[in-house]
Amino acid sequence: MAVLEAHQVKKHYQMGEVTVNALAEVNLVVNPGEFVAIMGPSGSGKSTLLHLLGGLDGPSEGEITLAGQPLSKLNDNEITIVRRRKVGFIFQFYNLLPTLTAEENIGLPLMIDGQNLDNHKERIERLLTLVGLMDRKDHKPDQLSGGQQQRVAIARAFVNDPEIVLADEPTGNLDSKSGAAILELLRRTCDELSATIVMVTHDARAASYADRIIFLKDGAIVRELKNDSATHNVEPIMEVMAGLEL
């Protein structure tokens, strides 16, 4: 069964007397274990779509089914619980709490859910090892580099064993070397944890780590590309993007 489905999803905003059509009849299916990248020119609707897919905002029309739950059938509190227990989020700016250690930041979703961290110590330590930060577990964010902070954010996204992880420009705030290390980590996490990832990016190099690339233009899916994530070949991706930006 699909982890995530968008069916005939539209999103429009009212700005004064003007209606802005951000998304137009988007249909998308993401299956378990897939790493999907969403690309498109600036203003194409990438982040809007990701927010809808994660239940952070609601569509104007259509249905999003997340982890088997049709979101239109749920109230706000029920959607919050689905997000908290079934979805992991990775943002461009890390969103770590400055007063917590790396280990505590990773466990934050569990604490918010009212769970005892002592019962999840083994999982947290496994994630710290996976992201290469076991020796930094007691460090606070201001004692970590940007790349290390994003590694903490990735571990946090996986701590609740989510059915899907949604990443919004996860390398956008990093230098190229740190960004490449984060992408390798996301790919390895996908493979080793059988994780499902949907990533919004403007970077062809980042998209080359995905199994499948969805291209948006003017709020609509206009192209899809199957990708060999092992080769990181950016040329077909850049070719499609160049056509969309004409």
Item to complete: Name the lysines eligible as straight-distance cross-link partners of K140: C-alpha to C-alpha under 28 Å, and not fewer than 8 places from it in the same chain.
Response: K86, K121, K177
Response to the item:
Cβ-Cβ cut-off under 9 Å around E125, Lys and Arg +1, Asp and Glu -1: the net charge is +2
Worksheet entry | the chain: DSSP helices with Cα axial extent of at least 18 Å and average Kyte-Doolittle hydropathy no lower than -1.0 | 146-158, 176-192
Worksheet item: What are the lysines whose alpha-carbon lies under 21 Å from the alpha-carbon of K217, with same-chain residues fewer than 8 places away excluded?
Response: K10, K11, K46, K226
Response to the item:
Reduced to Cα centres, the span from region 128-153 to region 60-91 in Å works out to 29
Response to the item:
Given (1) 16.7, 49; (2) 17.9, 56; (3) 25.0, 97 as possible values of Rg and Dmax of the Cα atoms in Å, the one from the coordinates is (2)
Worksheet entry | Long-range amide H partners of A2 with built H, under 5 Å | none
Item to complete: For every other residue with a beta carbon closer than 14 angstrom to the beta carbon of T196, add +1 if it is Lys or Arg and -1 if Asp or Glu, then tell me the sum.
Response: -4
Discussion item. Along the charge dipole of region 4-244, pointing to its positive end and built from +1/-1 on Cβ of Lys, Arg, Asp and Glu, which listed residue (V234, A22, L174) has its Cα farthest out?
Written reply: L174
Worksheet entry | K177 paired with Q143, simple spin-label distance in nm, labels 7 Å along Cα-to-beta-carbon | 2.3
Worksheet item: Quick one: putting +1 on the C-beta of Lys and Arg, -1 on the C-beta of Asp and Glu, what dipole do you get for region 34-159 around its Cα centre, in Debye to the nearest 20?
Response: 180
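We did not get these values from a lab; they are worked out from the coordinates using the rules stated. Predicted model only: the values in this text are computed from it and were never measured. All Cβ positions, glycine included, derive from the backbone under ideal geometry; neighbour counts span all protein chains shown.
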